[in-house]
Amino acid sequence: MAAVDTFSREHATSLDQNDALSFTRNEFIVPTKAEALSKSLSERGTGVVDLGRGDDEGSRPCTYLVGNSLGLQPKRTATRVKQYLDTWATQGVQGHFKPLEGSPLPTWLDADDQIARMMAPIVGADPSEVAVMQTLTANLHFLMSAFYKPDRNGRHKIILEAKAFPSDHFLVETQIRHHGLSTKDSMVLIEPETWDEPLLATEKILAAIEENASTTALLLLPGIQYYTGQLLDIPRITGFARERGIFVIWDLAHAAGNVVLKLHEWNVDAAAWCTYKYLNSGPGCIAGLFVHSRNSSVSSKIEDDGSEGGYTNRLAGWWGNEKKTRFVMANKYHPAVGAAGFQISNPSIIDITSVTASLEVYQLAGGLGPLREKSKKLTAYLESLLNNMPQDLRGLFKQITSTNPDERGAQLSLLLSPGLLNTVMEELEKEAVFVDERKPDVIRVAPAPLYNTFEDCFNFVEVFGKALRVAIGSKE
Ligand SMILES: *Cc1c(COP(=O)(O)O)cnc(C)c1O
C-alpha cells in the first residue's frame, strides 16, 4: 500500500468519508462562497450569485469556522418557524392552549416545559433544573439577584477572572455597586502568572479562592474562556469553592453545545448560557439558565399569608409563578419549584421554536457524547495541520489554546506576530474563509462538529498559509 500523505487534501476527504457523524452537516445551510461575498441580500436557493469568473467557484461552500460566535442556520429552523407562524396565523390566541394534530410543536403554554426537557441533556441537568428564558447577561443578573446577598462584615466578594468577557465584568461590577459596595473591596480578579501565558492554571484559581475563602460570597467563571478557548476544570473548581461556602455560577456561553457538561452531578450551584453560539439558534435568541435543585426548593404554600420566606428571594415575574395559580391573578406570588420558578415573562415562542429546531439536530447526532468525540478529532487535526506548516510560517503565530484536548473545546486561538492580523483577515475573507478576530493579534478558529468537516480545516490552513505570506510581503 502506498504511504498516505497525512497532510494532503485526499487524507482530509477520506477522514470525512469515514466520519459517522458527517450526515449532520446536511442539516445546515452552509453559505456558498458567492453568497458569503455578496453585498446584496439574496434569497437562499434562488441560484448562485455570479462571481463573474465564468466558473462554478462561487457555488462551493464557504469555510465557516465561527460557530463559537454565531452558529450556522439549521435547515429545519425555517420549517419549524413556519409551523409556528401558521399556528399563530390560523389559531390566534388559541395557540396558547389548543394542541394541534400533526404539529410537532407544543402549545405555547407548554413550550417552556418542552424546551427545558430538550435542553437539559445539553448541560447534564434534570429538566426541572433548567429554564430557557431571557438572554445570557440578563440571566446572570437574575441569578445574582437571587443568590448574591452580600454581608459587608462577612461574605461580600465576588471572584472572577481578570479578563472576563466584558459583559460578565460589567455585571459583577454593577451588582457589587447595586448593593452599595465598592469594587475595590468586593471584586477579586484572578490573573494568570504572566499575560504572555494567558491560560489560567487550576492551582492559580484555587489559590485565589483559598486566599479569599471567608469573605467571598460568589464565584463566577466561564466554562470555556472565550479568548483562550481554555476549558476549565468545572467539577474540581466547583467542589473546592463550595467546600468553602462559596456559591458557584458558571457562564457556559462557549461550553454549551461544545463539550460534555454534568452540572447536576458536578454540584454546580447555577449557570447560564446563550444559544446562538454552538447551539445554532440565531443571533440574540433566548438563553438558558440552570439552578441546582437544592437551590430552588419552595416550602411555602400559596395559602400562606404571602410573607417572605419559603423560597429563595429573587426578582420575580408572573411566569415564575407556579402554573396552577399563575392565572388566578390574586397577586400572591408563589414561585414554581425548580428553575421554572426563576422565569420572569412569557417567553418568545419564535425564539423557543428556533431553539427547538436546533436541539432536534443534537438529538439526531446522538447527543454531545459522540459529538465531543468527533470534535476532539477535528480540532486535533486542525492543530496537526497548523504544526505542519512550513517553519517560516509556523513561526509567525503561537497557539494560545492548550495542546491538551481535555483542556479545550472546539476552538483554537492563534496569536499572530504583531501587524499581521488585518491583512490575514482580508486574505481569508477574499477566499470566503471565516474565522474571528480579537484585536490586536488573535484569531479564533472553531471547527464545530455538527457541520464542519476535516476538509474545512484543510481549506483554512491552506488559505491561512497564503494569507500569512501576503502579510509578510513575501508572495509566492
Ligand atoms: C457571548 C458571550 C456573552 C454574550 O452575552 P449576551 O447577554 O448573550 O449578549 C457574555 N459572556 C460571555 C462569556 C460570552 O462568551
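How big is the gap, in Å, between the Cα center of the stretch 1-38 and the Cα center of the stretch 430-470? Centre-to-centre distance over Cα atoms comes out at 14 Å. Taking every DSSP helix (H) stretch of at least 4 residues in the chain, weighting each as -39,500 (n - 2.57) and dividing the sum by the residue count yields a mean residue ellipticity at 222 nm of -10500 deg cm²/dmol.
Distance from the alpha carbon centroid of the stretch 103-141 to that of the stretch 155-198 works out to 29 angstrom.
For the chain, the longest principal axis of the C-alpha atoms and the axis of helix 349-364 are separated by about 60°. Between Lys75 and Lys39, residue separation times 0.36 nm minus the direct Cα-Cα distance comes to 10.7 nm.
Considering just Cα atoms, how many Å³ per residue does the convex hull of the stretch 137-232 enclose?
Working: hull volume 9.0 nm³, N = 96.
Given the Cα convex hull of the stretch 137-232, per-residue volume reads 93 Å³.
Counting only alpha carbon atoms, the long axis of helix 111-123 and the longest principal axis of the chain meet at about 60°.
Please work out the average accessible area per residue across the stretch 110-357, using the 1.4 Å probe convention, and give it in Å². The partial results should precede the final answer.
Details: 9880 Å² over 248 residues.
With all protein chains present, the stretch 110-357 gives 40 Å² per residue.
The alpha carbons of the stretch 208-344 give a radius of gyration and a Dmax of 17.2, 51 Å, in that order. Histogrammed with a bin width of 10 Å, the alpha carbon distances of the chain distribute as 4, 18, 27, 25, 16, 7, 2, 0, 0 percent, first bin at zero. Relative to the longest principal axis of the Cα atoms of the chain, the long axis of helix 368-387 lies at roughly 40 degrees. The GluC sites (Glu not before Pro) found in the stretch 173-278 that occupy coil by DSSP, while having at most 10 further C-beta atoms within 10 Å, are Glu265. In this simple spin-label approximation, Glu243 and Asn388 carry label points 7 Å from Cα along the Cα→Cβ vector, and these lie 4.4 nm apart.
Quick one: what do you get for the stretch 110-357 if you divide its Cα Rg by 2.2 N^0.38 Å?
Values: Rg = 17.8 Å, N = 248, 2.2 N^0.38 = 17.9 Å.
Normalised Cα radius of gyration, the stretch 110-357: 1.00.
For the stretch 310-375, the spread of Cα positions along the three principal axes, ordered from largest to smallest, is 51, 27, 19 Å.
Once the chymotrypsin sites (Phe, Trp or Tyr not before Pro) in DSSP loops with at most 11 neighbouring Cβ atoms within 10 Å are cut out of the chain, the longest remaining piece is 328-476. Stretching Thr403 away from Ala207 to a fully extended chain increases their span by 68.2 nm, per 0.36 nm per residue minus the current alpha-carbon distance.
Please give the residues of the stretch 319-348, grouped as numeric ranges, whose backbone N is less than 13 Å from a label point set 7 Å along the Cα-to-Cβ vector of Asp126. Correct set: 337-340.
The values are calculated or read from the model by the stated rules, or taken from the named source; none is laboratory data. All of these numbers come straight from a predicted model, not from anything done at the bench. With ideal geometry, Cβ positions are generated from the backbone for all residues, glycine too; neighbour counts draw on all protein chains shown. The accessibility values were calculated without ligands, DNA or RNA, using every heavy atom of the protein model including side chains. Shrake-Rupley method; radii C 1.70, N 1.55, O 1.52, S 1.80 Å.
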